[in-house]
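Here is the structure we will look at, set down as structure tokens.
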Amino acid sequence: MKEIMEQELNSRFCSKVIYKVGLCISLWDILKVEESFISDVDGAYYTTVSFRIVCFRPFIDEILIGIVKSLSKAGLRVSLNFFDDVFIPAEKLRSPSRYDYEQNAWIWEYAYEGEAAELRIDKHDTIR
């Protein structure tokens, strides 16, 4: 019975974003299983379960460090070691940024000591 509950909880919650909780990764443990009952409406078997689940929920304005796995005009695909498939769309990159087709790199143009400077973002670069 416990294995069935674990499978059901994992299939219902894992790999899904839950509002005000975060991205659910995996069931951690089951804390409490209450008495089960059969519904008179649909004949289904219901059990109230208290459980803990591992979630990814970075804080607002938290700085995450990742490695650029690939890039295109659409944006960057980044690995956070914990997640290997984070996509940052082009419109969310620091402004002003532009994509260089010849070098297959994103370039962030910023002012440094009153002069224009460029920061290249290439594949395998560590970014924040």
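The values are calculated or read from the model by the stated rules, or taken from the named source; none is laboratory data. Because the structure is predicted, anything quoted here is derived from the model rather than measured. Using ideal geometry, Cβ is built from the backbone for each residue, glycine included, and neighbour counts are taken over all protein chains shown.
Out of Leu31, Leu27, one residue alone is modelled with pLDDT of 90 or more and in contact with a helix residue (DSSP H, G or I) (Cβ under 6 Å, 6 or more places away or on another chain). It is Leu27.
From the list Val41, Val68, which one is in contact with a His (Cβ under 8 Å, 6 or more places away or on another chain), β-branched (Val, Ile, Thr) and under 29 Å from Cys14 (Cβ atoms)? The conditions single out Val68. Selection of the stretch 21-62 for residues being of a type in the set (S, T, N, Q) and over 19 Å from Lys2 (Cβ atoms) yields only Ser39. So, restricting to strands (runs of 3 or more DSSP E) that lie completely within the stretch 15-92, which ones have at least 2 residues that are touching a residue at least 24 places away in the same chain (Cβ under 8 Å) and closer than 30 Å to Asn104 by Cβ? Strands (runs of 3 or more DSSP E) meeting the threshold: 66-72, 75-79. Against the test of being assigned by TED's automatic domain parsing to the domain that holds Ala116 and either touching a His at 6+ places or on another chain (Cβ under 6 Å) or among the acidic types (Asp, Glu) (or both), the options Asp29, Asp84, Asp61 yield a single qualifying residue, Asp84. Screening Glu91 with (1) surrounded by fewer than 15 Cβ atoms within 10 Å (Cβ to Cβ); (2) under 19 Å from Glu118 (Cβ atoms) gives one miss only, at (2). Considered as a group, the residues in the stretch 38-77 that are of a type in the set (D, E, K, R) and surrounded by 12 or more Cβ atoms within 10 Å (Cβ to Cβ) include one that is farthest from Arg128 (Cα to Cα), and that residue is Arg57.
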